Amino acid sequence: MASIGIERKTLWKDSIFDATFDDIDNDAIISFYESLVEKEKGVRRSNIGGWQRDVKYGECEAYDDAMDKCVHVVKHIFNDIYKVDIDIKLANSWLNSNNFGDSNAYHTHPGCIFSGVYYVNASKQKENGSINFIRPNNHTIEDFKNNLSQRCGFGKLWQTTDMQFESNADFMPQQNHAYLFPPWFGHEVKRNYSQENRLVIGMNFNPS
C-alpha cells in the first residue's frame, strides 16, 4: 500500500483556568456568611436547596480581597494569554452555600465576558459536590458512543481516552482554588453528599 499522510487538525480548544491562592482569609468570609444566614433567607437561582445571596464591595474586607485577586487573574488571562488589551472589573458576585443534599442546576452566565467560582470552604471529596462542565452537544456524543457499542458488539459502553469523545468534564471542590471560565460554558454543581458545608463565591467579570 502506498504511504498515506495523516495529520490531525485541532479545530478549537475548550479550557478553564485553575487559580490557587494561599493568603485569603477564608475564616473571615465564613464568619461573614454565618452572620448573614442568621438574619437573611437568601435567594433562589440555580441553587436547588442551599443558600445564596449577592455581595457588594465593602461588606467584608476578606471577601473584597478574594475578589480583587480573582480580578487580577482574569486580567492576566485576557492580557497575557488571550492577548486582548482590556481592563477587567468585577461585574457581580454572590455567596452560595450547599449543605447535605443541595446542588446547583445546569446553567450558564449570560451578560458578562468571564465567570468563575472560588471555594471558601470545601472538603477534598467529590461527594462534597463537584462542578461539572457539560458540552452543548453532550447528548449526541453519548448517543454516538452508545450506538457504537451496540453496533460493534462491545457489550458495554464504548470507551476511549480521546478528549474529542468526552461529553463533560468534572472538577472536584478545592479550598483556596478558583475555577475561571468563559460564560457560555454550561455547568452544574453536583449534589453534596458529605456532611460538610460547601461555601463558594460565584463571580462574573466585564470590561471596566
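Between THR108, THR160, THR140, the GNM of the chain built on Cα springs shorter than 10 angstrom shows THR160 fluctuating the most.
Ranked by the mean number of other Cβ atoms within 10 Å per residue, highest first, peptides 4-11, 163-170 order as 163-170, 4-11.
Summarising the label geometry, the points placed 7 Å from Cα in the beta-carbon direction at GLU40 and ASN206 lie 2.0 nm from one another. In terms of packing, defined here as the mean over residues of other Cβ atoms within 10 angstrom, the peptides 51-58, 121-128, 187-194 line up highest first as 187-194, 121-128, 51-58. Based on the Stokes-Einstein relation at 20 °C and a viscosity of 1.002 mPa s, and on the Kirkwood radius from alpha carbon pairs, segment 33-96 is assigned a translational diffusion coefficient of 157 µm²/s. Which shape class, rounded, prolate or oblate, goes with segment 64-208 when its Cα gyration tensor gives a ≥ b ≥ c as root eigenvalues, a/c under 1.5 marks rounded, and past that a/b bigger than b/c marks prolate? Cα axes put segment 64-208 in the oblate bin. Calculated mean residue ellipticity, 222 nm, the chain: -7000 deg cm²/dmol, from DSSP H runs (n ≥ 4) at -39500 (n - 2.57) each, averaged per residue and rounded to 500.
Under 22 Å between C-alpha atoms is the cut-off here; go through segment 45-162 and count lysine pairs that meet it, provided they're at least eight residues apart or on different chains.
Lysine pairs, 8 or more places apart or on different chains, close enough: 8.
Under 1.5 on a/c is rounded, so check that first for segment 1-155, then, if it is not, pick prolate when a/b is larger than b/c and oblate when it is not; a ≥ b ≥ c are the square roots of the alpha carbon gyration tensor eigenvalues. The shape class here is oblate. Residue exposure proxy: CYS152, CYS70, ordered by other Cβ atoms within 10 angstrom of their Cβ from fewest to most, comes out as CYS152, CYS70. Let me know the shape class of segment 73-135, please: from the alpha-carbon gyration tensor, a ≥ b ≥ c as square roots of the eigenvalues, rounded when a/c is under 1.5, otherwise prolate if a/b is greater than b/c, or oblate. It comes out prolate by the Cα gyration axes.
All of the numbers you see were taken from the coordinates with simple rules; none came from a lab. Note that the coordinates shown come from a computational prediction; the quantities given were computed from them, not determined experimentally. We place every Cβ from the backbone using ideal geometry, glycine too, and count neighbours over all the protein chains shown.
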